[in-house]
1. Any lysines with Cα under 26 Å of the K536 Cα? List them, leaving off those in the same chain fewer than 8 positions away.
2. Distance from a point 7 Å along Cα→Cβ of K467 to each backbone N in region 473-500: keep the residues under 18 Å and list them by number.
3. Estimate the FRET efficiency between Q275 and N545 by the formula 1/(1 + (r/R0)^6), using the beta-carbon distance for r and 35 Å for R0, to the nearest 0.05.
4. Would you calculate, for the chain, the mean residue ellipticity at 222 nm contributed by helices, counting each DSSP H stretch of 4 or more residues as -39,500 (n - 2.57) and dividing by all residues, to the nearest 500?
5. Return the subset of K207/K413; K719/K751; K725/K749; K751/K831 for which the Cα-Cα distance in this structure is over 18 Å, preserving the input order.
6. Using DSSP to define loop residues, name the trypsin sites (Lys or Arg not before Pro) in region 770-852 whose beta-carbon has at most 15 other beta-carbon atoms within 10 Å.
7. Between the DSSP loop rule and a limit of at most 14 other Cβ atoms within 10 Å, which chymotrypsin sites (Phe, Trp or Tyr not before Pro) in region 634-734 are left?
8. Percent of Cα-Cα pairs more than 22 Å apart in region 592-708, please.
Amino acid sequence: MQMCKFQMMLELKFIESSEISERFKSTAYLYNIHTSEIGTSNNNLHISITITASYNIMIKKLLIILIAVVSASVVFAQKVQSPDEFLGYKLGDQFTPHYRIVDYFKYIAQASKNVKLQQFGTTNEGRPLLAMFIASDENIGRLEEIRHNNLRLAGIESGGAAIANAPVITWLSYNVHGNEPASSEAAMWTLFDLVDPANSTTKTWLKNSVVVIDPCLNPDGRDRYVHFYNSVRGAVPDANPTAREHVEPWPGGRINHYYFDLNRDWAWQAQKETQARVGLFNQWLPEVHVDYHEQGYNAPYYFAPAAEPYHKDITQWQRDFQVTIGKNNAKYFDQNGWMYFTKQEFDLLYPSYGDTYPLYNGSIGMTYEQGGISAGLAVLTRSGDTLTFAQRIAHHHSTGLSTIEITSANAQKLLDEFKKFYNNSRTNPPGEYKTYVIKNDNNNNINALAKMLGRNGIQYGFGLANKSIIGYDYFTGKTEQYSVGPNDMVINAYQSKVVLLHVLLEPKTFIADSNTYDITAWALPYAYGLRAYGVKASLKPANTNQSITKAQQPVNNHAYAYVANWQSVNDVRFLAALLKKHIKVRYSEKPFEAAGKKFAAGSLLIARASNDVPNFDQVVTQIAAQLDETLVPLASGFVDKGSDLGSDVIRYIREPRVMLMAGEGVNAEAMGEVWHLFEQQLGYPITLVKYQDLGRTHLSDFDVVIFPDGHYDDFPSDKLQSWIKDGGKLIALDNAVAELADQKGFALKKKEEKKDDKADAKDKETVKIYGDRDRDAIRSMIPGAIFKLNLDNTHPLGFGLPNYYYSLKLNDDIYELLSNDDGWNVGTIKKNSLVSGFAGAQSKLKINNGLLLGVQSIGRGSVIYMVDDPLFRSFWENGKLLFSNAVFMVGQ
């Protein structure tokens, strides 16, 4: 028999090749195949083989080689690297930068057939936002079917039969606050347990569950914290709490790029990360959602059930299942001897959290909090224990698996109750009012509200067939008959998202316990400055088209001037765009009539005079069209009623050069609101200057300086007042106003509480009870309530607004009225001005007959006092116009 000799080299690329090499060598030895060289390099498997045999035997041995290689590959494919193996260190030994977390998730997406990785957006700094979907062999290929089925359960989609054995959806959201980093590490560990082929327990859970993991909600903030810590840590972690590694520099890692707290942004969606995430969330609507956090490192672990107050629209089932989940978490914490607490501190009222927003959308929404902020890799706690990063990760890992486990054990009940929640929403909506009518007195604000409702999946329309209604007027508190115009927004309560709708629109929120964690009032009609009515009858809009009609722009007709309204932030955006093009813009200090239309004080005038710009008409009208701004062309400067366009009541708007205080002492979130408004909403340049550098800054390079809320040590009063006298404009907000009130040369004075001698004597006689100390403190507290101000809208600070303004107060600060010689009392408050929300008894008495908005003239310049934050979390839409008046209108 003729013998043949065959030589070959195989080179196969694997992530891990040593295990395949050993398996191949064993197989080759059994079949007498000579392996002259077997080696690995760069994750490649090199196989050098020699076969001497008859032709038939050679073919058989070649087949054996192929089978051996494939078999080895299959064995390898069943092995998935743990985070420790992939990263090269144990979780908890160091902080993992965001890009390595992304790498691990991408690796699992390649290594496991039971996952789907989706990038659903990017951060302001360009980092990816990811969601990993984990499911069984049966379900991973039908994720879209499962998603649509879930939306059909919610009544958001219709048609199509229910799928068999529909799984429950559990969504785990990690690391919304960047300096609470343990949870992103736990996310990798939890993901590994779910995809590990050797883990039979999680395989059982996945038979009736789809798990969604969002590993990091705030990548920019996380990396800010991780980079800080890694830059100051020593060779060994220093557990001493006073060590520098436990003290973050300003602004800290908690917040995103624009210094927003993303855990307060779920409903408002002011930030691009939230817009992308909530958009994905609403495409799925999970039955269970967990929001992972850390708290002060001296606190033990917190998990549900939550503290009171619960919003009254949270169902009994949602309450009860929080207890079920909490008991399952407690079982594992008890086994390990870990400390924890429930039913304290973290309530369920404010609608824009990562627990309440899912609850108002039918989920079981929860917050889990591990002690650990500023703990670094190790810290000595008040109890004398050393809390390590590894321990923090382990606690979050435990609650993640426990939640998935108990959700799986109750999958069908969760699906049934989820469907019941939405069935009840559509057939028996909560609340007294079954229809909400929002008057379109401000088209831009209506458009902004419509956009916000649309992002939240809330349906609306316009106009009514019956143009007369009887309803509760939010602004007067009276129930009367009103007429409805064709452009008025009409929202019927009989819809799937009615619970969220009711929470966002109810005029007064019922508060079972006033000791709450956040603001207690947020009704959108007050935030948007739109008159609204609650109607007890169910009325459907005449026009259900939710698209916003674009403004019709005038044809280029060589106008003498163009007029634009001034009543919304969109109008401010239009002004900013014109100023950046160096188009000269004026405004009218008084109302006037021209071209058959009425124009309010503050209306913008873009006249051909002084605008020697090529294609003037085209430039102006194109900018207006791009920004959906309505223009009215005027053929003459001679008006029908009021002052002509060349009169002294027509004021020129200079292009302001704006400085914003930043750095240590400044409230970073308050500063971020201003920064975001200028850069992302107005598109107008602003210069950020550290407060510590103000002494060497040339103030003459700026026209406007903004001091956000903060505590300003060594306030440079003399330098600022000299600049103001030369024509500068200082805008002080919130506690910055208090800083000015203590300085010589500023006229504002804090309003002192009038003492009631009898009440004071009675208080002194009362023996305080230690257990009542928290309740006693509430008497002088305002966690966030809406008050009605009287507004002088003839002053430039009040342009575009009615003669009242709804302010969200976060404290009871109030100031004495300015004298007539000192300035203007633009926003004042009277007794009993509380509209919605909780205010302590002492605070309500204090907020009476004082100033909340004022303007003081100093030389050629001015100081604007804004006692409350008009830009709060960027959802207080009407405050953006008020603040823009301070920047662009006052002092021109």
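The values are calculated or read from the model by the stated rules, or taken from the named source; none is laboratory data. Model, not experiment: these values are computed from the prediction. Quick reminder, even Gly has a Cβ in these numbers, built from the backbone with ideal geometry, and neighbours come from all protein chains shown. Side chains included, ligands, DNA and RNA excluded: accessible areas come from the protein's heavy atoms. Shrake-Rupley method; radii C 1.70, N 1.55, O 1.52, S 1.80 Å.
1. Within the straight-line cut-off, K536 pairs with K312, K419, K420, K434, K439, K451, K467, K478, K497, K508, K788.
2. Output list for this probe position: 481-490.
3. Between Q275 and N545 the formula returns 0.90.
4. -9500 deg cm²/dmol
5. Correct reply: K719/K751; K725/K749.
6. Taking region 770-852 and a limit of 15 other Cβ atoms within 10 Å, the loop trypsin sites (Lys or Arg not before Pro) found are R779, K830, K831.
7. Loop-located and lightly packed - F638.
8. 54
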